[in-house]
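The structure under discussion appears below in the form of structure tokens.
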Amino acid sequence: MDSKKLITFLAAAIGLLVVPLFAQQLGNGPVRIIDLALLYVLLALGLNIVVGYAGLLDLGYVAFYAVGAYMFALLASPHLSENFEAFQAMFPNGLHSPLWIVIPAGAALAALFGVLLGAPTLKLRGDYLAIVTLGFGEIIRVFMNNLEYPLNITNGPRGIGQIDSFHIFGVDLGKSWEVFGFTLPSVTLYYYLFLALVVAGVVICYRLENSRIGRAWMAIREDEIAAKAMGINTRNLKLLAFGMGATFGGVSGAMFASFQGFVSPESFSLQESVMIVAMVVLGGIGHIPGVILGALMLSALPEVLRYVAGPLQQMTDGRLDASILRQLLVALAMIGIMLARPRGLWPAPEHGKAAPKPVK
């Protein structure tokens, strides 16, 4: 690595480390927005494996997010002990699983659901695959919403609360931490955890992209029939893409449950899936820096537009609903960006290039 790249990486690392320290001077709200933006980056990186690398349009990606969140909620709350006598006898104070169990469990469970989704859709493409995955996402949400009777597993639409915060090396991320006389609030501690997971996710995605598996995924994306003719096992690689992408969703869901301390089916609606797909498309399909940029922009844009929608509502004497107006502004911003940059804000350099003309 040359000196310029090294200096750039060091400057970026220092900037990422000090961002929440400056943001928290304005209160916990801005840091909380940044935390959620990092979670969306992790989700977008996972979906980029499925959509960007393998070319499989998945509109039900939020289902894996929900699976990870509910898995952590059940493993780190008194809900099961309060509703099942067997759990009450074994864990009278409720389950309180540590971080090193929860993250692998969330990843493994979501990967299993990803393979279960991918198996019956191997022969589907394009719009048909999108419709099936969309239905899968809605089935999971409705399932979570109704799994209250006769056995109360998810607590239905009321959701699960009293979820534990993470404990890392004796530090409770749910409480403020004093470091050299400087107070780090809970949202700042979670920022560093989410940042570490995003960095790990970026490294994994880069390694996958440059690996033999990544090149096989891209071959399937460009022409599945030609890829199969070249000896690529398209079935196994599609299942692997679904499983790998779902893994990111499961880990993100576990982080979300711990960060919020509460989960309910309302957090995993179809709109969330569409938003994550939009992040990948808006940033640049298949290009990791573009996907990160798209996720950061679309997660922060609705919050920024709160400051625009409020004054507009006041100008119309309250005739316009601020939340609906904010959604309209987000949609107009997305349309404008896609008209100006149809391949995304930061597209992959190779994607969409025409073959060079032969020299005569």
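Taking ALA12 as meeting all but one of (1) touching a residue at least 12 places away in the same chain (Cβ under 8 Å); (2) in a helix (DSSP H, G or I), write down the number of the exception.
Answer for ALA12: the failing condition is (1).
Could you tell me which numbered condition LYS123 fails, if it satisfies all but one of (1) outside any helix (DSSP H, G or I); (2) of a type in the set (Lys, Arg); (3) modelled with pLDDT of 90 or more?
(3)
For the structure I just gave you, tell me whether PHE87 is without any contact (Cβ under 8 Å) to a residue 40 or more places away in the chain, out of contact with any Ser or Thr (no Cβ under 7 Å at 6 or more places or on another chain) and either over 29 Å from LEU184 (Cα atoms) or in a helix (DSSP H, G or I) (or both).
no
Of everything in region 16-32, what is aliphatic (A, V, I, L, M) and touching a Ser or Thr at 6+ places or on another chain (Cβ under 8 Å)? Give them in sequence order.
Passing the criteria: LEU21, VAL31.
From the list ALA11, ALA76, pick out the single residue that is out of contact with any Gly (no Cβ under 9 Å at 6 or more places or on another chain), at pLDDT 85 or above and over 30 Å from TYR128 (Cβ atoms).
None of the other options fit; the residue is ALA11.
Could you please give the count of residues in region 91-105 that are at pLDDT below 85 and either open to solvent by 40 Å² or more (accessible area, probe 1.4 Å) or farther than 13 Å from ASP164 by Cβ (or both)?
Residues that pass the stated criteria total 8.
Which residues, taken from region 33-55, are more than 16 Å from the chain's Cα centre (by Cα) and open to solvent by 10 Å² or more (accessible area, probe 1.4 Å)?
GLY55
Which one is least open to solvent (accessible area, probe 1.4 Å) among residues in region 270-311 that are of a type in the set (Gly, Ala, Ser) and at pLDDT below 80?
Out of the qualifying residues, it is ALA309.
Scan region 135-162 and report the pairs whose first residue is in contact (Cβ under 8 Å) with a residue 12 or more places away in the chain and whose second residue is hydroxyl-bearing (Ser, Thr, Tyr), with Cβ atoms within less than 6 Å and a gap of 6+ or a chain change.
GLY137/SER273; MET144/THR154; GLY159/SER264; ILE160/SER77; GLN162/SER77
In region 139-170, what count of residues is obtained for those that are in contact with a strand residue (DSSP E or B) (Cβ under 9 Å, 6 or more places away or on another chain) and loosely packed, with under 12 Cβ neighbours inside 10 Å?
Number of matching residues: 0.
State all residues of region 144-166 that are of a type in the set (Val, Ile, Thr) and either farther than 25 Å from TRP100 by Cβ or assigned to a loop (DSSP other than H, G, I, E, B) (or both); if no residue qualifies, say none.
Result: ILE153, THR154, ILE163.
Under 23 Å from GLN25 (Cβ atoms) and either within 20 Å of the chain's Cα centre (by Cα) or surrounded by 12 or more Cβ atoms within 10 Å (Cβ to Cβ) (or both), is that true of LEU197?
The answer is no for LEU197.
Considering only residues that are open to solvent by less than 40 Å² (accessible area, probe 1.4 Å) and small (Gly, Ala, Ser), look in region 110-138 and name the one that is nearest to ALA254 (Cα to Cα).
Applying the filter and picking the extreme gives ALA110.
With respect to LEU173, is the statement that it is crowded, with 19+ Cβ neighbours inside 10 Å, within 24 Å of SER97 (Cβ to Cβ) and not β-branched (Val, Ile, Thr) true?
Considered against the rule, which asks whether it is crowded, with 19+ Cβ neighbours inside 10 Å, within 24 Å of SER97 (Cβ to Cβ) and not β-branched (Val, Ile, Thr), LEU173 comes out as yes.
The values are calculated or read from the model by the stated rules, or taken from the named source; none is laboratory data. Quantities reported herein were computed from a predicted structural model and do not represent experimental measurements. Ideal geometry is used to build each Cβ from the backbone, glycine not excepted, and the neighbour counts take in all protein chains shown. Just so you know, the surface numbers come from the protein's heavy atoms only, side chains and all, with ligands and any DNA or RNA stripped out. Shrake-Rupley method; radii C 1.70, N 1.55, O 1.52, S 1.80 Å.
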